Amino acid sequence: MSTNDRNNTTQVKPAEAEPKGIPQPNHVRSVALLEAATRAPQEAETKLDPFRDEFPHKNMDELIVEPTDRRNFIGIMSAGMVLAGSATLSGCLRKPREKILPYTKRPEDVIPGKPRYFATAAQLTGTVVGLLVESQEGRPTKIEGNPRHPNSLGSTDAFTQASVLDLYDPARVSSPRVEGKKLPFSHMEKKLERLAVELKKTRGEGLAVVTRDLRSPVLMQLLQQLKRTHPKAKIYRHDSAYPANTLAGMAMVGEKGKRPVYDLGRADRILTLDHDFLGLEGDVLRNARHYTWRRRISSEKDTMNRLYAVEPTFSLTGSNADHRLRLAPSQIGSFLADLLGYIHSTGVNAPAGSGPLLDQLKRAYLERANGLPYRRWLKPLAKDLLAHRRRALVLVGERLAPRVHALGHLLNTILESYTRTVSLMPSAELPADGDIVDLAREITAQRVKTVCMLGVNPVYDAPADLNVARLLSTVPKTIALSLLDNETTKVAKWVVPQSHYLETWGELVATDGTQTIQQPLIAPLYSSFSEIELLARLLDLKARDGHKLVRGRWAKLYKDPEYLRITWRRSLHDGVKRARLKATAPTFSWDKVGAAWGKRPPAPTPQKLELVFAQDPSVYDGRMSTNSWLQETPDPITKLTWDNALLVGVATAKRLELENEALVEIQSTAKGAHT
């Protein structure tokens with residue numbers, strides 16, 4: 001996100017000394033350091049500590065005999081293989097005898113060495129992806145996209161490909177814990193049963209459930225049931241992938257409960273405003289596939305689309321743009337407002353009810369037109385977009401404020417894009433009483449007695465000034481459902497193992513309404529619960545396992561048993577249920593937008609920089625940081641692995657006397673903003 005509070009000052013300066021307690025990488029960080037190591041090896045050795053552990057699992061120390069680094073380890077293993085090969089060739093080493101036994105009765109349709117494929121779905125980030133998972137004799141080994149699913153179209157992203165590694169991660173939570181002590185899984189089930197009885201008596205008083213933005217109809221059904229049977233309980237949403245600004249922008253123009261779904265395959269002209277639709281934002285796989293379809297030329301009659309990108313940092317979308325403009329985050333909204341003001345000054349008809357707003361934007365544009373740094377962009381861009389009405393599309397990124405999204409809807413309305421290149425679909429939102437900030441306020445007021453965290457890690461990714469770890473320590477009972485040991489499981493009083501999505505039943509729905517049954521490919525490696533199974537126990541339901549919960553919801557939708565059987569089996573086989581939501585024609589109201597644009601934010605200055613926090617293509621918001629496959633994946637722009645960096649413009653770096661790959665210190669007047 002961008003820092004748009006102009007009362008806060010952000011300063012970047014070279015660090016005077018490397019801070020204590022920060023582990024340094026065990027590789028050469030720069031060309032200068034490499035040259036220093038060549039000239040003075042003894043001096044360089046004091047700067048490079050070759051015995052630092054770069055792997056994320058700190059609970060695996062008992063497996064390490066001698067401390068070594070990754071590069072030395074690979075060298076030792078290579079040498080060991082050479083020596084082993086030499087010994088095998090030169091000696092008469094006899095392999096030990098090991099007996100193998102065939103199946104007493106081979107399972108039906110299982111042929112050793114021949115993989116089988118099963119359709120399922122996952123939501124690891126902000127989008128639902130349909131999958132085909134390869135299974136080798138009952139073990140998931142490879143994940144690909146489901147060609148029948150509209151959100152994947154046969155493709156997958158790096159997060160989904162690497163998620164199979166998390167299934168076999170030895171650092172998984174393998175057994176329940178209470179106050180740090182392990183206990184049998186059956187004992188944890190009894191504790192949850194007693195807790196369910198207590199919650200039923202108090203009607204959920206003091207209960208706070210924290211969940212991520214999971215587009216699961218069965219999870220929504222259980223949360224709604226929780227609100228009915230436990231009216232005093234509260235539900236909080238905590239997920240960096242939740243499109244809060246997008247939905248707030250829809251509400252500002254009178255379309256609350258809707259979210260835009262784009263069709264880039266039908267767009268001839270595309271304008272993105274800090275929206276990385278080829279990288280990490282929105283339904284990336286579908287948008288990327290549709291966009292690239294329009295870049296292919298197979299005959300003389302074919303035409304390509306054209307992409308304009310306005311963004312503060314270099315993204316995958318910006319790298320593929322035909323025209324790219326770099327702007328500070330606070331100025332992108334002003335760019336869009338001035339573009340609308342210029343379009344209105346050319347005499348284009350205003351949509352119903354938008355006249356006063358466009359007049360306001362036109363006056364503001366004319367007052368400052370001569371001093372605009374992007375003035376040369378406005379005329380050709382407006383002309384190109386207007387020349388391709390009904391085939392143009394404007395996308396506004398999640399990091400931008402709701403009022404910028406509102407202007408994006410206005411421009412799409414002028415371009416007659418709705419129901420053609422963009423549609424408004426009902427947004428299946430989980431019921432929520434607030435976010436992590438609201439929960440912190442309730443805990444501070446001592447109104448929370450039990451916090452149940454479903455697959456979230458707020459101690460790690462909540463705002464630092466909330467100090468969630470300290471707040472949770474004041475709550476009498478904290479329950480963390482987690483796949484891996486993390487910062488939150490270290491604080492929680494109860495820790496419950498979470499099932500991997502390849503081990504459990506579930507249900508997910510894409511943005512266009514396509515449903516997918518999430519079916520398991522392997523029995524749980526450890527006794528564990530999914531989110532819906534834990535909620536079912538808190539509600540004291542008779543149907544508690546995932547299969548019964550999902551099948552039970554479908555049984556309510558399809559009353560005919562034979563139709564239910566056929567539909568269920570077909571949906572499991574295909575991985576999709578074409579229950580598409582119907583796009584609705586928008587009825588926008590522009591009354592609230594004009595007041596939001598009464599004052600423009602000032603441009604950044606050398607004394608007041610703007611800092612942008614972006615999701616990472618390898619570890620996302622940090623939730624994938626324990627996956628070594630993703631850590632090894634180079635950043636598509638910077639090519640960094642196992643590391644993070646502050647990206648600074650060349651002019652700013654020269655002014656601040658910063659060198660490439662130098663350690664810097666960031667200070668801000670904002671509370672807690674210092675690193």
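The values are calculated or read from the model by the stated rules, or taken from the named source; none is laboratory data. Because the structure is predicted, anything quoted here is derived from the model rather than measured. Cβ: placed from backbone, ideal geometry, glycine included. Neighbour counts: every protein chain shown.
Computed values, structure above
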{"read-out": "Number of the exception - Arg390 against (1) in a helix (DSSP H, G or I); (2) free of Cβ contacts under 8 Å to residues at least 40 places away in the same chain; (3) within 23 Å of Thr587 (Cβ to Cβ)", "value": "(1)"}
{"read-out": "Counted residues, the range 204-233 - those being over 15 Å from Lys477 (Cβ atoms) and within 25 Å of the chain's Cα centre (by Cα)", "value": "14"}
{"read-out": "Meets criteria (at negative phi, of a type outside the set (A, V, I, L, M) and in contact with a helix residue (DSSP H, G or I) (Cβ under 9 Å, 6 or more places away or on another chain)) for Pro184", "value": "no"}
{"read-out": "Matching residues in the range 320-353 - criterion: being of a type in the set (Gly, Ala, Ser) and touching a helix residue (DSSP H, G or I) at 6+ places or on another chain (Cβ under 6 Å)", "value": "Gly333, Ala337, Gly341, Ser345, Ala350"}
{"read-out": "Some residue of the range 181-204 being in a loop (DSSP other than H, G, I, E, B) and out of contact with any Ser or Thr (no Cβ under 9 Å at 6 or more places or on another chain)", "value": "no"}
{"read-out": "Residues (surrounded by fewer than 20 Cβ atoms within 10 Å (Cβ to Cβ) and closer than 25 Å to Arg420 by Cβ) located in the range 353-377", "value": "Gly353, Gly355, Trp377"}
{"read-out": "Where a residue in the range 519-547 is farther than 13 Å from Ser482 by Cα and its partner, wherever it lies, is small (Gly, Ala, Ser) and surrounded by fewer than 23 Cβ atoms within 10 Å (Cβ to Cβ), with Cβ under 6 Å and at least six apart", "value": "Leu521/Ser135; Leu538/Ala196; Asp540/Ala196; Ala543/Gly552"}
{"read-out": "Cross-chain or 6+ apart pairs with Cβ under 6 Å, the range 245-256 first and within 9 Å of His409 (Cβ to Cβ) and not assigned by TED's automatic domain parsing to the domain that holds His409, then surrounded by 20 or more Cβ atoms within 10 Å (Cβ to Cβ) and aromatic (Phe, Trp, Tyr)", "value": "Val253/Phe588"}
{"read-out": "Single match in Gly371, Gly347, Gly353 (criterion: under 37 Å from the mean Cα position of the chain (by Cα) and modelled with pLDDT under 95)", "value": "Gly353"}
{"read-out": "Single residue of the range 281-312 satisfying the filter (of a type in the set (Asp, Glu) and closer than 17 Å to Gly397 by Cα) that is surrounded by the most Cβ atoms within 10 Å (Cβ to Cβ)", "value": "Glu281"}
{"read-out": "Single match in Ala369, Ala352 (criterion: part of a loop (DSSP other than H, G, I, E, B) and free of Cβ contacts under 8 Å to residues at least 60 places away in the same chain)", "value": "Ala352"}
{"read-out": "Elements of type helices (runs of 4 or more DSSP H) in the range 455-562, at least 1 residues being among the basic types (Lys, Arg)", "value": "468-473, 487-491, 531-538, 546-557"}
{"read-out": "Test: residue in the range 422-443 that is surrounded by 22 or more Cβ atoms within 10 Å (Cβ to Cβ), within 30 Å of His230 (Cα to Cα), in contact with a Phe, Trp or Tyr (Cβ under 9 Å, 6 or more places away or on another chain) and touching a residue at least 60 places away in the same chain (Cβ under 8 Å)", "value": "yes"}
{"read-out": "Restricting the range 313-330 to residues that are crowded, with 21+ Cβ neighbours inside 10 Å and either out of contact with any Leu (no Cβ under 8 Å at 6 or more places or on another chain) or at pLDDT below 95 (or both), the residue that is nearest to Pro601 (Cα to Cα)", "value": "Ser330"}
{"read-out": "Selected residue (only one of Lys201, Lys190, Lys232, Lys182 is surrounded by fewer than 16 Cβ atoms within 10 Å (Cβ to Cβ) and in contact with a Lys or Arg (Cβ under 9 Å, 6 or more places away or on another chain))", "value": "Lys232"}
{"read-out": "Test for Tyr342: is it in a helix (DSSP H, G or I), hydroxyl-bearing (Ser, Thr, Tyr), free of Cβ contacts under 8 Å to residues at least 40 places away in the same chain and out of contact with any strand residue (DSSP E or B) (no Cβ under 7 Å at 6 or more places or on another chain)", "value": "no"}
{"read-out": "Index of the failed condition, Leu534 passing every other in (1) surrounded by fewer than 24 Cβ atoms within 10 Å (Cβ to Cβ); (2) modelled with pLDDT under 95", "value": "(2)"}
{"read-out": "Any pair with Cβ under 6 angstrom, 6 or more apart, that starts in the range 296-312 at a residue that is of a type in the set (Asp, Glu) and ends at one that is surrounded by 10 or more Cβ atoms within 10 Å (Cβ to Cβ)", "value": "Glu311/Asp274; Glu311/Gly318"}
{"read-out": "Residues of the range 578-607 satisfying the condition of being surrounded by fewer than 18 Cβ atoms within 10 Å (Cβ to Cβ), in contact (Cβ under 8 Å) with a residue 60 or more places away in the chain and not in a loop (DSSP other than H, G, I, E, B)", "value": "Thr584, Asp591, Lys592, Gly594, Ala596"}
{"read-out": "Filter result (hydroxyl-bearing (Ser, Thr, Tyr) and more than 30 Å from Asp512 (Cβ to Cβ)) within the range 166-222", "value": "Tyr168, Ser174, Ser175, Ser186, Thr202"}
{"read-out": "Out of Ile414, Ile443, sole residue that is touching a Ser or Thr at 6+ places or on another chain (Cβ under 7 Å) and of a type in the set (Val, Ile, Thr)", "value": "Ile443"}
{"read-out": "The range 391-409, subset within 14 Å of Ile270 (Cβ to Cβ) and of a type outside the set (Val, Ile, Thr), residue surrounded by the fewest Cβ atoms within 10 Å (Cβ to Cβ)", "value": "Arg391"}
{"read-out": "Qualifying residue in the range 408-417 (condition: in contact (Cβ under 8 Å) with a residue 40 or more places away in the chain, of a type outside the set (Ser, Thr, Tyr), in contact with a Lys or Arg (Cβ under 9 Å, 6 or more places away or on another chain) and assigned to a helix (DSSP H, G or I))", "value": "yes"}
{"read-out": "Subset of the range 445-454 (residues that are within 23 Å of Ile532 (Cα to Cα) and part of a loop (DSSP other than H, G, I, E, B))", "value": "Val448, Lys449"}
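The rows are residues; the columns are (1) more than 30 Å from Val456 (Cβ to Cβ); (2) of a type outside the set (D, E, K, R).
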| residue | (1), (2) |
| --- | --- |
| Trp597 | yes, yes |
| Glu632 | no, no |
| Ala653 | yes, yes |
| Glu661 | yes, no |
